[in-house]
1. Would you pull out the residues with amide H under 5 Å of A:Ser550's amide H, same chain only if 5 or more places away, H placed 1.01 Å from N?
2. So what are the three principal axis dimensions of region A:190-286 from its Cα atoms, in whole Å, longest to shortest?
3. With an 8 Å cut-off on Cα pairs and a minimum separation of 6 or more residues, tell me the relative contact order of chain A in percent.
4. Where in region A:417-525 are there trypsin sites (Lys or Arg not before Pro) that are in a DSSP coil and have at most 15 other Cβ atoms within 10 angstrom of their Cβ?
5. Write down the Kirkwood hydrodynamic radius of region A:346-476, to one decimal in angstroms, obtained as one divided by the mean of 1/r over all alpha carbon pairs.
6. Sequence neighbours fewer than 8 away in the same chain don't count; with that in mind, list the aspartates and glutamates whose C-alpha is under 19 Å from A:Lys383.
7. Under the classification rounded if a/c is under 1.5, otherwise prolate if a/b is larger than b/c and oblate if not, where does region A:423-468 fall, given a ≥ b ≥ c as square roots of the Cα gyration tensor eigenvalues?
8. Rounded to whole Å and sorted largest first, what semi-axes of the equivalent ellipsoid does the C-alpha gyration tensor of chain A yield via the square root of 5 times each eigenvalue?
Amino acid sequence: MYIAVASVPSSRGGSAGMALQQLDSEGRHLGEPDVVDHDAFAAAVAEAEHRRPRWVWSSTRLWYPDLLSAGVSVDRCWDLALTGNILAHSPSCRPSPYIESLRATARTDDGTEPPRLLLPPPAAPNQHSLFDEPQEPVGPPVGDVVGQFREQLAAVSGAEPGRLNLLVAAESAGSLIAAEMEHWGLPWRRDVHEDLLERTLGPRPPEGSRPTELERLAQELRTALGNPALNPDSPQEVLRALHRAGIEVRTTRSWELERQAHPAIEPLLAYKKLSRLLTANGWNWLDAWVRDGRFRPEYVVGGVVSGRWASRGGGALQIPRQVRDAVRPDEGHVFLVADAAQLEPRVLAALGQDAALAAAARGQDLYQGIADQGFGGDRAQAKLAMLGAMYGATSGESGRLMPQLTRAYPRAIAVVESAARAGEAGGGVSSYLGRGCPPASEEWRARQRTTTAEEQRRADGAARARGRFTRNFVVQASAAEWALCWLAEIRRRLAASSIPEPRSRIVFFLHDEVVLHVPAQQAAEAGTILDLAARAATRLIYGDIPIEFSINTVTVSSYADAK
DNA sequence: ATCTGCTGCGCG
DNA sequence: AAAGCGCGCAGCAGAT
């Protein structure tokens, strides 16, 4: 059973209340909608939730945060905006005028994206003005919500059973989890973080001046280069100064500097390292993003074309290892940090139904398995070759190892090779469950139709670039959907097992890694859930296949202690 | 003063 | 040793 929710427009243009419309499994009305006041909405949802409906709404981002603030959570939903986004690119859904209209406004691979269907402009996080009225969600009216829902149901039902509908369910579950993670926040110890900053940078300086340690390194660098006026924050200046000192580098990238032998290199590298800490995760970052012991970024479900999550604000998906020690559980709790070991190559084995690669994955360490089967036991080589195959490496050691890999795993390699060929020819590819990649942009197509030699060279370059994109897309997108199903299964099992407060919660998700915040005495149970959820995800997606997706889980009292 | 693009580096 | 995929963000540099 479904319940569609929408705001009831008022004559003044705002919202006069909320409508709850029950629907049957085909999206047909079951009776008249309940219309409730804003104040009564959360209670009405909580009441209806006892019947375990699947909530249908324009977007979880619009509706769910207020419910969570009112202490109401829901089990399942259908997020029309996210689903529309998937359907706009999916080759496996049943075509219709509605789908055509979605496609017409969908993004292409040049990165342009029209305003998202149904979504209000995103509010800047942490910038709620004191003058803002509290905003009621004002999405499309209930008729539109039900209408779009029926269109989406029809489009999904045309696909191979158990694929696109699973993807849609997982994406919507992901939207609930993202909202819950934002609501709950990631536990973050300001005092620990500040200690770390002071130990490495010195005391917090006044705005606009360098911390003492950074200033000391800057002076050391100026001395070593004989350039007392050098601004170490300017790559151009630094590059010129290095050249004058006889250090021949093309850029000031750290890996290039590391190969040079000169007294200026060490302070420069140290300066860059500390400067990065200061600007990306220094005191200003703490002020902006950590409040009441929680880091609250915004997660953007489906924000990456491959279906991975993106984030907005605070660099949530790039928390440096350097500061992870500030991530500490509440009193009486621990973190369970779990990651899917070598997720992408395992997914590739599944995509290609490659028994040899599956056999290599049988142990714990897939790369070691590959190494033992065909790379003379050299794990580093095996890993390099595999990554090269998935990313489209053409040169270097990685490129050289490719033929060896192709001989060992022809079926798996054929998957990425044919994806690359399709992309180079301007075609599209899709994940196992049916998430399609964006089509080639009009600009890209125009470039392919060129004639002059110089233009042809650039067209070929663009074609190869798109080939690398589609090559990687099939793996990355299929891995992302596995991770999403895993996450959804974890949430479901945590909810089902839940002993009274305090509950175990999902507090962080990073592509192939999940962090649970767990009351210490429930750690063992939560660990079991992580494993069972992984098995369930594999089975949901691929059915009964002889490929293992192994989970590495550690129980820690600081995020820094994971890995 | 505000924008856009580039560089560099963090994460997977 | 330093290419091949996907992101976000800060600060500089140059343009408006």
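Each reported figure results from applying straightforward, stated rules to the coordinates on display, with no laboratory input. In this text the structure is predicted, and so the values were computed from the model without any measurement. Every residue, glycine among them, receives a Cβ derived from its backbone with ideal geometry; neighbour counts consider all protein chains shown.
1. A:Ala341
2. Principal extents (largest minus smallest coordinate, Cα): 44, 25, 20 Å.
3. Working: 906 pairs, mean separation 87.7, N = 563.
For chain A, the relative contact order is 16 percent.
4. On the way: sites: A:Arg421, A:Arg435, A:Arg445, A:Arg447, A:Arg449, A:Arg457, A:Arg458, A:Arg464, A:Arg466, A:Arg468, A:Arg471, A:Arg491, A:Arg492, A:Arg493, A:Arg503, A:Arg505; in loops: A:Arg435, A:Arg449, A:Arg503.
Hits after loop and neighbour filter: A:Arg449, A:Arg503.
5. Numbers: mean 1/r = 0.0644 Å⁻¹.
Value: 15.5 Å, from the Cα pair sum.
6. Leaving aside aspartates and glutamates fewer than 8 places away in the same chain, those within reach of A:Lys383 are A:Asp339, A:Glu344, A:Asp354, A:Asp365, A:Asp372, A:Glu397, A:Glu417, A:Asp512, A:Glu548.
7. On the way: a/c = 4.17, a/b = 2.50, b/c = 1.67.
Prolate.
8. Working: eigenvalues 328, 212, 137 Å².
The answer is 41, 33, 26 Å, longest axis first.
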